[in-house]
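In what follows, a single structure is set out as structure tokens and then discussed.
The values are calculated or read from the model by the stated rules, or taken from the named source; none is laboratory data. None of these values were measured; they are calculated from a predicted model. Here the Cβ is made from the backbone with ideal geometry for all residues, glycine too, and neighbour counts use every protein chain on show.
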Amino acid sequence: MKPQTAFAPPARATVLTMREPATTLDQSLKEIYDDISRRAYELFVQRRYQDGHDLEDWIRAESEALEPVPVEILDNNETFTVNAEVPGFAPKDLEVKVEPSRVLIRGRAEASMQRSAGKTIYTECQKNQVFRVVDLPSAVNPDRVTANLHDGILQITLQKALTIQANRVEVKAA
């Protein structure tokens, strides 16, 4: 029997890293999460680091960062139509990403206004941001999608993916 030796690995600091987002949806979620997290921390600082209000701060930061997006999904024979209310957004402000089982709607718009009265300048900036992920009832073809914006309603038409139906095969005696 041969003698066995064991080598201990050298002591090193353990470094934990987060994996990179796998999809653009993951990246978008990470960006929005970071924005909300940053704002929630600002609210915590404004409260002079008082504990016990973290959920309240998070909900307030989330409501400040994201506008609600009411959505309606219509199922036609060969397509789905997603109608999303996005008032105040132009087509250039909106981004629509389609995966086989879901749709991501993201929009960012900034409006600024300046008024001057004598020596005083008044500036106001309003940021609108929407984010919505819509899970679809069945798979769609991401290459066959159209999106139109009219009167604050974003209409996304998605072609359903072709489904292969199973055929019954009769078994015969040889």
> If you scan segment 72-119, which residues turn out to be at pLDDT 90 or above, surrounded by fewer than 16 Cβ atoms within 10 Å (Cβ to Cβ) and of a type in the set (A, V, I, L, M)?
Replying inline: Leu74, Ala90
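Any residue that is aliphatic (A, V, I, L, M), out of contact with any Pro (no Cβ under 7 Å at 6 or more places or on another chain), within 23 Å of Arg144 (Cα to Cα) and at pLDDT below 85 - is there at least one of those in segment 24-41? Step through it out loud before you land on a result.
First, the residues of segment 24-41 that are aliphatic (A, V, I, L, M): 25, 29, 32, 36, 40.
Then keep just the ones that are out of contact with any Pro (no Cβ under 7 Å at 6 or more places or on another chain); that gives 25, 29, 32, 36, 40.
So of that shortlist, the ones also within 23 Å of Arg144 (Cα to Cα) come out as 25.
Those left that are additionally at pLDDT below 85: 25.
Yes, that holds for at least one residue.
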> Out of the residues in segment 60-70 that are surrounded by fewer than 16 Cβ atoms within 10 Å (Cβ to Cβ) and within 18 Å of Gln155 (Cα to Cα), which is modelled with the lowest pLDDT?
Replying inline: Pro68
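Determine, yes or no, whether Lys97 is within 12 Å of Ala147 (Cβ to Cβ), in the same structural domain as Val145 (by TED's automatic domain parsing) and among the charged types (D, E, K, R). Give the derivation first.
On the way: within 12 Å of Ala147 (Cβ to Cβ): yes; in the same structural domain as Val145 (by TED's automatic domain parsing): yes; among the charged types (D, E, K, R): yes.
Judged against the criteria, Lys97 is a match.
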> When you scan segment 23-78, how many residues do you find that are over 15 Å from the mean Cα position of the chain (by Cα), among the β-branched types (Val, Ile, Thr) and in a helix (DSSP H, G or I)?
Replying inline: 2
